[in-house]
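First comes the structure, then the notes that go with it.
Every read-out reported here was derived from the displayed coordinates using simple, explicitly stated rules and does not represent laboratory data. Please read all numbers here as calculations on a predicted model, not as lab measurements. Virtual Cβ from ideal backbone geometry, glycine too; neighbours counted across all protein chains shown.
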Amino acid sequence: MNRLITIPFSHFCEKARWALERAGVPFREDGYLPMLQTVAAWRAGGKRTVPVLVTDGGAVDDSTDILRWCDEHGNAPPLFPGGALGREVAELEEGFDKSLGPATRRVAYHLLLPMPGAAKLLAEKAPARWQGRLMRAAYPLARAAMTRGLRLDDASAERSLRRVDEIFADVGALLADGRRYLAGDRFTAADLTFAALAAPLIIPPQYAAYLPPLDRMPQALLGIIDRLRATPAGAHALAMYTQHR
Ligand SMILES: N[C@@H](CCC(=O)N[C@@H](CS)C(=O)NCC(=O)O)C(=O)O
């Protein structure tokens with residue numbers, strides 16, 4: 001049985017999970033809280049990041065490669081079409097991976113980690129009891145490590161939010177001609193990746209892992225979510241979730 005090593009609520013993991021489920025590939029999810037994924041990812045032959053897909057043929061340790069693996073092994077129309085359209089899709093997908101994913105993550109963690117009750121919530125939602133107990137005991141250490149590792153501070157979060165706004169404006173410009181999908185006339189890796197990586201600041205109801213519900217979100221984050229959902233790009237992310245997730 002294929003195994004997907006994840007941090008369940010991570011948007012890069014959601015991207016891989018979405019592609020696997022869409023392709024009808026059977027897999028079992030092996031989830032960890034942030035940082036605890038490191039050992040599992042290494043042991044599987046990956047780097048320290050997740051998702052890592054462990055298959056009979058070896059480990060696939062990057063979300064884009066997992067989408068391509070799904071095209072080869074699954075039974076859904078390809079996420080990466082051939083020819084010129086395929087190159088356009090790959091370029092959009094890579095851009096979202098490099099810039100949208102890290103930016104939405106930084107803004108969301110910057111506002112969520114200091115939230116009162118964050119340690120308790122993470123512990124409650126832990127994929128295993130031992131992880132929850134460990135996170136509760138070591139939350140200040142974990143928070144400090146994530147703050148350092150992701151460079152979470154007001155200035156960098158502000159820069160990341162501006163980056164998100166720029167990407168949303170670019171996606172809005174693509175959609176301005178009335179197209180239903182970002183590239184070509186059907187759902188591709190560009191749409192899936194945009195929607196999954198925008199999700200921490202859009203909170204689509206169909207997201208397939210726990211995200212804090214809107215009524216538990218800090219006010220500042222809620223303001224960002226409301227604003228982004230109302231943009232054409234935000235509406236596109238929500239529509240991709242409604243129609244394709
Ligand atoms: N390029 C990688 C990025 C994945 C990534 O950044 N994963 C994060 C979770 S959102 C992670 O595992 N971070 C843990 C760490 O850096 O230690 C991919 O597309 O798979």
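Panel note: the C-alpha atoms of the chain, placed on their principal axes, show extents of 51, 44, 26 Å (largest first). Is segment 132-181 rounded, prolate or oblate when judged by the Cα gyration tensor, a ≥ b ≥ c being the square roots of its eigenvalues, rounded requiring a/c under 1.5 and prolate requiring a/b larger than b/c? In terms of gyration-tensor shape, oblate. Once you reduce segment 106-173 and segment 204-239 to the center of their Cα atoms, the two points are 15 Å from each other.
Please list 58-71, 178-191 highest first by mean number of surrounding beta-carbon atoms within 10 Å per residue. Display every interim value, and only then the final one.
Numbers: 58-71: 20.4, 178-191: 18.9.
Going from most to least packed, we get 58-71, 178-191.
Here nothing in the chain passes the span test, since no DSSP H helix has an alpha carbon length of 18 Å or more along the helix axis and a Kyte-Doolittle mean of 1.0 or above.
From the helices alone, meaning DSSP H stretches of at least four residues, give me the mean residue ellipticity at 222 nm for the chain, per-run term -39500 (n - 2.57), in deg cm²/dmol to the nearest 500. Don't jump to the answer; show the numbers that get you there.
Details: 11 runs with 139 residues, N = 245.
Calculated mean residue ellipticity at 222 nm is -18000 deg cm²/dmol.
Given R0 = 25 Å, the distance between the Cβ atoms of TRP42 and GLU21 translates into a calculated FRET efficiency of 0.45. Under the simplified labelling scheme, the ARG186-ASN75 pair shows an inter-label distance of 1.6 nm, with each label point 7 Å from Cα along Cα→Cβ.
The mean sequence separation of alpha-carbon pairs under 8 Å and at least six residues apart, normalised by the residue count of the chain, gives a relative contact order of 22 percent. Summing Lys and Arg as +1 and Asp and Glu as -1 over all other residues whose Cβ lies under 15 Å from the Cβ of CYS13 gives a net charge of +2. For LYS120, a cut-off of 20 angstrom between C-alpha atoms picks up these aspartates and glutamates, skipping any fewer than 8 places away in its own chain: ASP215.
Measuring against 25 Å, Cα to Cα, the residue pairs LYS15/LYS98; LYS98/LYS125; LYS15/LYS47 contain LYS98/LYS125 as the ones spanning a longer distance.
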